[in-house]
């Protein structure tokens with residue numbers, strides 16, 4: 001029997017925030033985890049996106065802050081892999097904690113420091129951020145990790161894949177001992193790295209895993225088409241025409257392909273945007289807000305949007321490219337059918353990326369239903385034959401680097417040493433090595449160093465004839481009356497004319 005949130009022993013004001021957030025029934029992973037986190041026990045949770053894990057650790061943080069005296073002067077630190085996920089967590093934290101006296105702030109790179117520094121000075125209770133910016137503030141002594149009373153590591157597998165494991169360990173070593181704080185780790189898969197981190201830096205955490213057959217949300221209708229690489233855009237246009245989804249996220253494996261697909265869709269009459277890691281943070285946030293608010297229907301994205309992008313009632317996800325990493329498939333399709341709702345996931349398997357299908361089906365323990373598209377499903381692509389290139393984002397004036405002419409014309413302050421230029425470097429190399437024995441001064445040597453080249457010994461005319469007789473037989477006879485020609489090039493050209501097929505370069 002499913003437990004309702006209202007049945008949990010939680011603070012009244014916390015319950016008000018949970019109700020306004022729209023949470024009614026606990027999902028299976030929530031029910032299993034609350035049993036431990038509400039009793040101040042460390043947990044390692046295997047949970048894919050869309051199963052309510054954010055609500056798990058936010059509710060647990062607020063509950064522990066309210067009821068555990070040892071945490072009165074402590075902070076909660078939530079480490080997330082991407083800016084988008086960090087921002088989403090902050091929004092949910094503000095909704096759930098609306099009627100509580102706890103503040104939260106979000107800290108990530110790609111934006112200025114000023115506003116985030118103000119948040120730290122205001123002594124926020126819940127700190128949500130990406131590893132790079134958090135470590136930056138810690139090194140500046142503006143973030144005191146020793147005050148961490150509750151730690152959450154979200155999307156641990158993603159953090160590891162992005163190379164943040166050393167940074168996370170560095171942060172953990174500057175926090176209170178694991179026996180003096182509460183720690184929660186969430187990951188799509190509890191890999192060896194995740195378990196090793198838990199063993200070293202957590203206090204005997206309870207491992208909570210879901211069965212492998214349930215690793216993808218049951219209410220997602222999955223479908224796969226085998227299609228040639230050159231026909232993918234035509235099939236995509238056909239799917240969008242026949243399905244007519246209210247909103248859709250289309251995933252590609254590369255930035256250039258995300259840009260290209262977006263532009264081709266626009267050319268075919270679909271209002272569309274694309275996001276990738278190279279876009280300025282302000283522009284990425286603006287695009288994400290557009291699709292979340294319903295102003296934008298179609299979004300093309302790389303895996304930067306595979307996690308942390310929460311769109312209510314997202315109807316469809318299309319894998320234009322099958323991801324090489326099977327776990328990315330789970331996170332991509334997890335954008336739809338969130339919180340128990342239904343959704344569709346369509347994948348296009350071309351000859352370039354079809355090799356990933358086996359690992360995806362092995363991880364999800366599911367055979368993705370295959371459908372073969374007929375001719376009627378391929379729509380004409382009016383952008384065929386056109387080429388689309390990514391335009392580089394313009395940097396802010398504050399971030400622009402001075403041009404080379406400006407650097408060359410800049411006057412050096414008095415006393416500043418100049419670095420050797422290319423010309424001076426050449427002069428340094430040409431410093432003479434000979435020394436006058438009497439004056440002890442350098443003597444320039446104008447003589448060029450002779451290079452000993454090993455040359456093959458010269459052969460006489462008779463020796464060459466003997467060589468050809470051995471190679472081509474005793475019957476070999478050169479025409480008479482020909483004199484030996486000086487110079488290798490002349491010899492070759494004349495020998496070619498004389499000996500024909502017998503001569504080879």
> Pick from the range 142-157 the residues that are touching a residue at least 60 places away in the same chain (Cβ under 8 Å) and under 16 Å from residue 198 (Cβ atoms): which of them is surrounded by the most Cβ atoms within 10 Å (Cβ to Cβ)?
Replying inline: 153
>> Being within 28 Å of residue 360 (Cα to Cα), assigned to a helix (DSSP H, G or I) and out of contact with any strand residue (DSSP E or B) (no Cβ under 7 Å at 6 or more places or on another chain) is the filter here; which residues of the range 168-194 pass it?
In response: 192, 193
> Listed residues 313, 325, 278; which is out of contact with any strand residue (DSSP E or B) (no Cβ under 7 Å at 6 or more places or on another chain) and closer than 18 Å to residue 240 by Cα?
Replying inline: 313
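Residue-by-condition table, conditions (1) in contact with a strand residue (DSSP E or B) (Cβ under 8 Å, 6 or more places away or on another chain); (2) part of a helix (DSSP H, G or I); (3) modelled with pLDDT under 90; (4) within 22 Å of residue 311 (Cα to Cα):
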| site | (1), (2), (3), (4) |
| --- | --- |
| 76 | yes, no, no, no |
| 87 | yes, yes, no, yes |
| 91 | no, yes, no, yes |
| 98 | no, no, no, yes |
| 111 | no, no, yes, no |
| 118 | no, yes, no, no |
> Of these, 225, 274, which one is at pLDDT 95 or above and not in a helix (DSSP H, G or I)?
Replying inline: 225
>> Looking only at the range 11-25, filter to residues that are outside any helix (DSSP H, G or I) and in contact with a helix residue (DSSP H, G or I) (Cβ under 6 Å, 6 or more places away or on another chain); which one of those is surrounded by the most Cβ atoms within 10 Å (Cβ to Cβ)?
In response: 23
>> As an exercise: evaluate residue 355 against (1) under 15 Å from residue 247 (Cα atoms); (2) surrounded by fewer than 20 Cβ atoms within 10 Å (Cβ to Cβ); (3) more than 19 Å from the chain's Cα centre (by Cα) and give the number of the one condition it does not meet.
In response: (1)
> Could you say which residue among 320, 270 is touching a residue at least 40 places away in the same chain (Cβ under 8 Å), in contact with a strand residue (DSSP E or B) (Cβ under 6 Å, 6 or more places away or on another chain) and closer than 18 Å to residue 381 by Cα?
Replying inline: 320
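The values are calculated or read from the model by the stated rules, or taken from the named source; none is laboratory data. Quick caveat, the model's predicted, so the values are computed rather than measured. Heads up, the Cβs are rebuilt from the backbone with ideal geometry, glycines too, and the neighbour counts pull from every protein chain shown.
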